[in-house]
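Following: one structure in structure tokens, then a few remarks.
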Amino acid sequence: MEHGQETMTIVDENGNEHVCEVIFTFESEEFGKSYVLYHILGEDQPDDDEEVEIHASSFIPSENNEDGELMPIEDDAEWEMIEEMLNTFIEEEEAEEE
């Protein structure tokens, strides 16, 4: 898994651009895809004890290091795998903070 303070811009179904902070990216050999988990910056930022809304998409990385194309996740098995990866990521982050 890779994570850091990267940002990306997405365009919603209404054509509005949103700057997002990338939480982490990973690849799944099982599904043969890459995934990105992110949250939209500028949405109502919660207090420290509240959770931010995390979004997930699959993507195909481009060969020239530019942004790839994001695609929706429509398979329940993929969602379950993503949730497991997110839970592992959160546990690792909390362990580092202790």
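Results, tabulated for the structure shown:
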{"quantity": "Calculated FRET value between Val19 and Ile60, using beta carbons and R₀ = 22 Å, to 0.05", "calculated": "0.55"}
{"quantity": "Under 5 Å, built H, 5+ apart or other chain: amide partners of Phe24", "calculated": "Leu37"}
{"quantity": "Accessible heavy-atom area order of Thr88, Thr7, Thr25, highest first, probe of 1.4 Å", "calculated": "Thr7, Thr88, Thr25"}
{"quantity": "Candidate residues Leu41, Leu86: accessible-area rank, largest first, probe 1.4 Å", "calculated": "Leu41, Leu86"}
{"quantity": "Extension gain, Glu83 back to Thr7 (0.36 nm per residue minus Cα-Cα distance, nm)", "calculated": "25.2 nm"}
{"quantity": "Residue-span extension gain [Glu53 to Ile90] - 0.36 nm each, minus C-alpha spacing", "calculated": "11.9 nm"}
{"quantity": "Inter-label distance for Glu98 and Glu74, nm, one decimal - labels placed 7 Å from Cα along Cα-to-Cβ", "calculated": "4.2 nm"}
{"quantity": "Full-extension gain in nm, Leu41 to Glu29, via 0.36 nm per residue minus C-alpha separation", "calculated": "1.3 nm"}
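The values are calculated or read from the model by the stated rules, or taken from the named source; none is laboratory data. If you're wondering where the values come from, they're calculated on a predicted model, not measured in any experiment. Backbone-built Cβ (ideal geometry, glycine too); neighbour counts: all protein chains shown. When the accessible area is computed, the model is the full protein with side chains, heavy atoms only, and any ligands, DNA or RNA have been set aside. Shrake-Rupley method; radii C 1.70, N 1.55, O 1.52, S 1.80 Å.
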